[in-house]
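Take a look at the structure below.
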Amino acid sequence: MGTNRFQDLSRFAGTARGREAWRAQLWWLFQSLFVLPTPQYLFAWRRFALILFGAKIGERVLIRPSVRVTYPWNLTIGDYVWIGDNVTLYSVAEISIGSHSVISQEAYLCAGTHDHRDITFPFKAAPIRIADECWVAARAFIGPGVDLGEGAVVAAGSVVTESVPAAAIMAGVPAKKVGDRVSRV
């Protein structure tokens with residue numbers, strides 16, 4: 001093998017968990033055995049399981065059985081939130097979801113990445129904040145450090161890597177503002 005020119009993974013320092021490795025392993029095992037295979041209607045059980053491992057979850061939150069959470073202790077969810085099938089909450093940094101927000105099917109909220117400019121490929125994590133009354137539509141990607149303003153909408157399949165103002169409607173790859181949401185009150 002020659003000299004590494006772009007990334008040398010032998011020098012990689014690891015990722016952040018925010019808790020002990022054993023706790024993360026215990027959560028992943030518990031999630032696989034007792035959370036993911038649960039019937040649809042057991043919303044209260046899934047909320048309880050996440051709270052048991054340190055998540056902060058509001059009232060009447062609906063989390064579908066196939067939702068994957070990396071580290072529940074980095075997760076805060078407001079009241080009346082819906083999280084759809086096959087959503088991934090890669091919570092290597094804090095992910096907060098405001099009340100009355102919807103995270104639709106197969107959305108990916110990713111609070112971590114790597115610095116490709118550094119040969120050691122260091123891990124970088126930054127919180128994701130989703131304000132109240134937002135909608136992240138199916139298969140959207142929300143990157144590290146993104147804040148969605150109150151009432152923002154991210155269209156299906158969009159990739160958001162920068163913060164979004166309140167009531168903005170974002171679409172595309174990369175996501176661009178395509179309109180404004182209108183209050184119905």
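Can you give the charge dipole size of the stretch 6-121 about its Cα centre, rounded to the nearest 20 debye, using +1 on the beta carbon of Lys and Arg and -1 on the beta carbon of Asp and Glu?
It works out to roughly 280 debye.
With charges only on Cβ, +1 for K and R and -1 for D and E, what is the dipole size of the stretch 87-179 about its Cα centre, in debye, rounded to 20?
Working: 6 positive and 9 negative charges, 51 e Å.
With Lys and Arg at +1 and Asp and Glu at -1, about 240 debye.
Need the list of lysines near Lys56 for cross-linking: C-alpha distance under 27 angstrom, and skip anything on the same chain fewer than eight residues off.
Lys124
Please figure out what share of the DSSP beta bridges in the chain is antiparallel and state it in percent, rounded to the nearest 5.
Roughly 20 percent of the beta bridges in the chain run antiparallel, per DSSP.
Using R₀ = 22 Å, calculate the FRET efficiency as 1/(1 + (r/R₀)^6) where r is the Cβ-Cβ separation of Asp118 and Glu162; round to 0.05.
Using R0 = 22 Å, I get an efficiency of 0.55.
Can you check what the net charge comes to around Glu94, using other residues whose Cβ is under 15 Å from the Cβ of Glu94 (Lys, Arg +1; Asp, Glu -1)? Before the final figure, lay out each step's value.
Details: positive: Arg17, Arg19, Lys56, Lys124, Arg129; negative: Asp147.
Around Glu94, the surrounding residues sum to +4.
Carbon and sulfur: what percent of the stretch 101-185's accessible surface (1.4 Å probe)?
On the stretch 101-185, the fraction of accessible area on carbon and sulfur atoms equals 55 percent.
Cβ under 11 Å from Ile119's Cβ, Ile119 left aside: what net charge do those residues give with Lys, Arg +1 and Asp, Glu -1?
Net of charged neighbours comes to 0.
Lys/Arg Cβ at +1, Asp/Glu Cβ at -1, dipole of the chain taken about the Cα centre: which of Leu89, Val159, Ala175 is farthest positive-ward?
Leu89
For the stretch 89-185, what is the percent of antiparallel DSSP beta bridges, rounded to the nearest 5?
Roughly 30 percent of the beta bridges in the stretch 89-185 run antiparallel, per DSSP.
Assign one of three labels to the stretch 1-102, namely rounded, prolate or oblate, based on the Cα gyration tensor with a ≥ b ≥ c the square roots of its eigenvalues; rounded applies when a/c is under 1.5, prolate when it is not and a/b is larger than b/c, and oblate otherwise.
It is prolate, given that a/c is not under 1.5 and a/b is the larger ratio.
Would you calculate a helix-derived [θ] at 222 nm for the chain, using -39,500 (n - 2.57) for each DSSP H run of n ≥ 4 and dividing by the full residue count, to the nearest 500?
After summing the helix terms and dividing by residue count, I get -3000 deg cm²/dmol.
For the chain, what does the relative contact order come out to in percent, with C-alpha contacts under 8 Å and a separation of six or more? Show your work: numbers first, answer last.
Values: 498 pairs, mean separation 26.3, N = 185.
Worked out over the chain, it gives 14 percent.
Tell me, which longest segment in the chain has none of the chymotrypsin sites (Phe, Trp or Tyr not before Pro) that fall in DSSP loops with at most 12 further Cβ atoms within 10 Å?
Working: sites that count: Phe6, Tyr41.
The segment 42-185 is the longest one with no such site.
Could you do me a favour and compute the accessible area per residue for the chain, 1.4 Å probe, result in Å²?
For the chain, the solvent-accessible area averages 54 Å² per residue.
How many angstrom separate the Cα center of the stretch 58-134 from the Cα center of the stretch 1-28?
20
The values are calculated or read from the model by the stated rules, or taken from the named source; none is laboratory data. What you are looking at is a predicted structure, and each value in this text was computed from that prediction instead of being measured. Reconstructed Cβ throughout: ideal geometry from the backbone, glycine too, with neighbour counts over all protein chains shown. These area figures cover heavy atoms from the full protein model, side chains too; ligands, DNA and RNA do not enter into them. Shrake-Rupley method; radii C 1.70, N 1.55, O 1.52, S 1.80 Å.
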